[in-house]
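For reference, the structure discussed in these notes is given below.
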């Protein structure tokens, strides 16, 4: 029986590289790679036009679709992007906002209410920092370009209001003082360009993020890998074969990062940093599968439901292809 051909759309991650190049094979599948620089374009095409057989997907958008039974794709517990988000708050230098509690009564801009990064960050604000999200004035627009629309239809909790801004970007709003803080996965353009007029709100954010993980076990998952439902219905064996291939590709990337004999990445002390992270995560610093990530997934589903992104209070098991929930071990 010849292999089936399936397209794979994702960003250029080192831990997916071996799948894109063919060094790691998927049993029974020939991968047609489609490498993107910007995940937002993948999410838009996948959720609106089902352009790809296998694709990267926003976790926030996915739980919204699943909760409304509108998902034409099903996730594998494979997580290409994970980023802690206490570092995602940006204020002007000289701002009177000194800590997260100072955000109450202030104007905070976001690119989307349903953006995964902002869901985690607001969950941390409410659950850990004790911030009343209803006391924040929320504004929504693109980070660099105005007019970005909300891709999902959240059911905003009572007391929460989000005002779209059609004519200015978050980067413009933070510089002009029209918002007091920008909460966004992509830093505002002035910050990215080294403009000292914009800074992070949370000082020593790296330490705060590490402590949050140690205290809660939450290591935020930003993106999933999804497979088109019609593929899984016709070839149910694809789910586990893909999972195993993604796992192999990821393990190869970790081995490269830890090797240390030569500079795999163009950053000083990259291998030393990888060793520190490996030790903090007790060996498995980028786990796939439901059970090793249950605490993070349950927290995200709780945040998403409380914030109206998910229309139902979902359980982790309903998110993933059933073949990947119980993984055989040797």
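Quick look at the values:
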{"quantity": "Size descriptor, Kirkwood hydrodynamic radius, that averages inverse alpha-carbon separations across region 1-67, Å", "calculated": "12.8 Å"}
{"quantity": "Residue order, fewest to most beta carbons within 10 Å, for 29, 162", "calculated": "162, 29"}
{"quantity": "For the chain, alpha-carbon Rg over 2.2 N^0.38 Å", "calculated": "1.01"}
{"quantity": "Largest-first principal axis extents of the Cα set of region 111-170 (Å)", "calculated": "32, 21, 19"}
{"quantity": "Fraction in percent of alpha-carbon pairs per bin - 10 Å, region 195-330", "calculated": "9, 29, 34, 22, 6, 0"}
{"quantity": "Sorted by Cβ density within 10 Å, fewest first, the residues 216, 163, 141, 114", "calculated": "163, 216, 114, 141"}
{"quantity": "D_trans [Stokes-Einstein, Kirkwood Rh over alpha-carbon pairs] for region 16-136, 20 °C, 1.002 mPa s, µm² s⁻¹", "calculated": "124 µm²/s"}
{"quantity": "Computed P(r) (all Cα pairs; region 89-216; 10 Å bins; percent)", "calculated": "13, 47, 34, 6, 0"}
{"quantity": "Principal-axis tilt of helix 238-259 within the chain, Cα atoms, nearest 10 degrees", "calculated": "70 degrees"}
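Where a number appears in this text, it was derived from the coordinates with a stated rule and is not lab data. Everything numeric in this text was worked out from a predicted model, so none of it was measured. Every residue, glycine as well, gets a Cβ built from its backbone with ideal geometry; the counts of neighbours run over all protein chains shown.
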